[in-house]
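Colleague: Dropping a structure here in structure tokens format, bear with me for questions.
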Number of protein chains: 2
Amino acid sequence: MENIINHFEKYLPLNDEEKQALMSRVTERKIKRRQFLLQEGDVCKYFTYVQSGCFKMYGVDDKGVEHNLVFAAEDDWISDIGSLHKELPSKLFIEAIEPSVVLQISKGDLWYLYSNHPKFDRNFRVIMEDKYIELQNRLLQAFSSTALDRYDRFITQYPHLANRLPNTQIASYLGVTPEFLSKIKNDRFKK
Amino acid sequence: MENIINHFEKYLPLNDEEKQALMSRVTERKIKRRQFLLQEGDVCKYFTYVQSGCFKMYGVDDKGVEHNLVFAAEDDWISDIGSLHKELPSKLFIEAIEPSVVLQISKGDLWYLYSNHPKFDRNFRVIMEDKYIELQNRLLQAFSSTALDRYDRFITQYPHLANRLPNTQIASYLGVTPEFLSKIKNDRFKK
DNA sequence: CTTTACCCTTAAACTATATTAAGGGTATTT
DNA sequence: AAATACCCTTAATATAGTTTAAGGGTAAAG
């Protein structure tokens, strides 16, 4: 629980009352590798703080191929924000890549925190903004012409993930096959 | 000015005081074709409501190629939200594709509206959410395997834009060359 | 109303990436 | 500790998309 408090205090210090409110509205869950936080067709119910471990959020295309949109490791948030807010079925999956521990806040509890403790309003707004910016950068990166460029950007932007994720997952994030990523890495190394 | 009031009243009715506040905080500008609302390296200063006309927001890659991230036509919003909120230089351009009329709200006026008229707080939050969802769908679409798929999705999702934008702009949005888009359209027609 | 700038198309040659297949290696799970 | 499932690599063949070039058409600007 201390992690999430530290997380918020990066932006603004919390008083005891706020810490209390936060801790009472948050549910800790242990998640196994390959377990889902969200499956396509379900409505996303939680805003999830990753305390330890790692998740991927992805869509599956007509041919059954997975496309990783984002990763979230410790001290990050993950959620299908569209589905959570509009209460519409999600087109996405959120799945644990590693055994993980998360803290979840339901939409109702989120609203409770917003209306009773305005500081969270601001805090969650900043988180939302950060997520928006992350997505926009992701989109820009997705258009970087070559897969080699995209890979270079990925490892400079997420060095902690590059060493940790299987290449299959990185390939899916970059939008190439694992075979081609293998070739890219080999070519890169030779230079 | 009536357009923007109607726009907000789709979500929640506004009283006279709120309408007054909104209208006094908004600046109308006429924008010529090819004129910029934002250029790479500048900090984005405004949240822009498009009253008439059409804009594109795009990034330029190392090779000088433009990549359209989003379009915004009448009754839509456009802004580099990351740059606006963090006050950091943008990586993007926002440029008029058609002669346009916009209503702009500065960051300061936005904050004024938030704190003095809580209804706008909710209204702009919904707009933000919608923009986030749009971006997420865009990312999902960008990963649809073939360019033909992406084109099909584009014309079903934005039929009003498909007939209105030059194919060069649509090609840039889809992530293909205009020559290849031309081929796609030809192949599609033959079927 | 004329000129310029932009836009669309076609086609041939080229390149980045996918697909298929196969073998060996390394984690998880039982 | 064994078995299974997963992961990485290489290489040959296949394909989606790019590049270059060239011609004609249409809309914007002086």
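Colleague: Kindly provide the set of residues from segment B:137-176 that are closer than 23 Å to B:I94 by Cα and touching a helix residue (DSSP H, G or I) at 6+ places or on another chain (Cβ under 6 Å), ordered by number.
Modeller: B:L139, B:Q141, B:A142, B:R150, B:Y151, B:I155, B:A162, B:N167, B:T168, B:A171, B:L174, B:V176
Colleague: For segment B:13-26, state whether one or more residues are within 20 Å of B:R164 (Cβ to Cβ), surrounded by fewer than 19 Cβ atoms within 10 Å (Cβ to Cβ) and assigned by TED's automatic domain parsing to the domain that holds B:P99.
Modeller: There is no residue in segment B:13-26 that is within 20 Å of B:R164 (Cβ to Cβ), surrounded by fewer than 19 Cβ atoms within 10 Å (Cβ to Cβ) and assigned by TED's automatic domain parsing to the domain that holds B:P99.
Colleague: Which of the residues that make up segment B:87-131 are surrounded by 15 or more Cβ atoms within 10 Å (Cβ to Cβ), under 22 Å from B:Q20 (Cβ atoms) and hydrophobic (A, V, I, L, M, F, W, C)?
Modeller: Selection gives B:V101, B:V102, B:L103, B:I105, B:L110, B:L113, B:F120, B:F124, B:V126, B:I127.
Colleague: Right, something else. Output the number of the condition that B:I94 fails; it satisfies all remaining conditions of (1) closer than 22 Å to B:R33 by Cβ; (2) away from DNA strand D (no atom under 16 Å from the Cβ); (3) away from every other protein chain (no Cβ under 14 Å).
Modeller: (3)
Colleague: Further, regarding this structure: Considering only residues that are more than 10 Å from every other protein chain (Cβ to nearest Cβ) and touching a Leu at 6+ places or on another chain (Cβ under 8 Å), which ones fall in segment B:118-160?
Modeller: B:K119, B:F120, B:R122, B:N123, B:F124, B:A147, B:R150, B:Y151, B:F154
Colleague: Moving on. If you go through segment B:140-191 one residue at a time, how many are near DNA strand C (Cβ under 10 Å from one of its atoms), outside any helix (DSSP H, G or I) and among the β-branched types (V, I, T)?
Modeller: Residues flagged as near DNA strand C (Cβ under 10 Å from one of its atoms), outside any helix (DSSP H, G or I) and among the β-branched types (V, I, T) within segment B:140-191 amount to 2.
For (1) away from DNA strand D (no atom under 13 Å from the Cβ); (2) modelled with pLDDT under 90; (3) not hydroxyl-bearing (S, T, Y), each residue gets a yes or a no:
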{"position": "B:L135", "(1), (2), (3)": "yes, no, yes"}
{"position": "B:S145", "(1), (2), (3)": "no, yes, no"}
{"position": "B:L148", "(1), (2), (3)": "no, no, yes"}
{"position": "B:D152", "(1), (2), (3)": "no, no, yes"}
{"position": "B:I155", "(1), (2), (3)": "yes, no, yes"}
{"position": "B:L174", "(1), (2), (3)": "no, no, yes"}
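Colleague: Here is a check on your reading of the model: is B:S182 within 16 Å of DNA strand D (Cβ to nearest atom), open to solvent by 50 Å² or more (accessible area, probe 1.4 Å) and within 25 Å of A:S172 (Cβ to Cβ)? Walk me through it before giving the result.
Modeller: Numbers: within 16 Å of DNA strand D (Cβ to nearest atom): yes; open to solvent by 50 Å² or more (accessible area, probe 1.4 Å): yes; within 25 Å of A:S172 (Cβ to Cβ): no.
Judged against the criteria, B:S182 is not a match.
Colleague: Only one of B:E28, B:E66 is out of contact with any Asp or Glu (no Cβ under 6 Å at 6 or more places or on another chain) and either free of Cβ contacts under 8 Å to residues at least 12 places away in the same chain or within 14 Å of another protein chain (Cβ to nearest Cβ) (or both). Can you tell me which?
Modeller: Values: B:E28 fails: either free of Cβ contacts under 8 Å to residues at least 12 places away in the same chain or within 14 Å of another protein chain (Cβ to nearest Cβ) (or both).
After ruling out the rest, the residue left standing is B:E66.
Colleague: Ok, one more. Given the conditions (1) surrounded by 15 or more Cβ atoms within 10 Å (Cβ to Cβ); (2) more than 10 Å from chain B (Cβ to nearest Cβ), which single one is not true for A:S172?
Modeller: (2)
Colleague: Kindly provide the set of residues from segment A:123-168 that are basic (K, R) and in the same structural domain as A:G82 (by TED's automatic domain parsing), ordered by number. Steps first, please.
Modeller: Let us first name the residues in segment A:123-168 that are basic (K, R), namely A:125, A:131, A:138, A:150, A:153, A:164.
The answer is A:R125, A:K131, A:R138.
The values are calculated or read from the model by the stated rules, or taken from the named source; none is laboratory data. This is a predicted model, so every value here is computed, not measured. Cβ atoms come from the backbone with ideal geometry, glycine included; neighbour counts cover every protein chain shown. We work out accessible area using only protein heavy atoms, side chains counted, and drop any ligands, DNA or RNA first. Shrake-Rupley method; radii C 1.70, N 1.55, O 1.52, S 1.80 Å.
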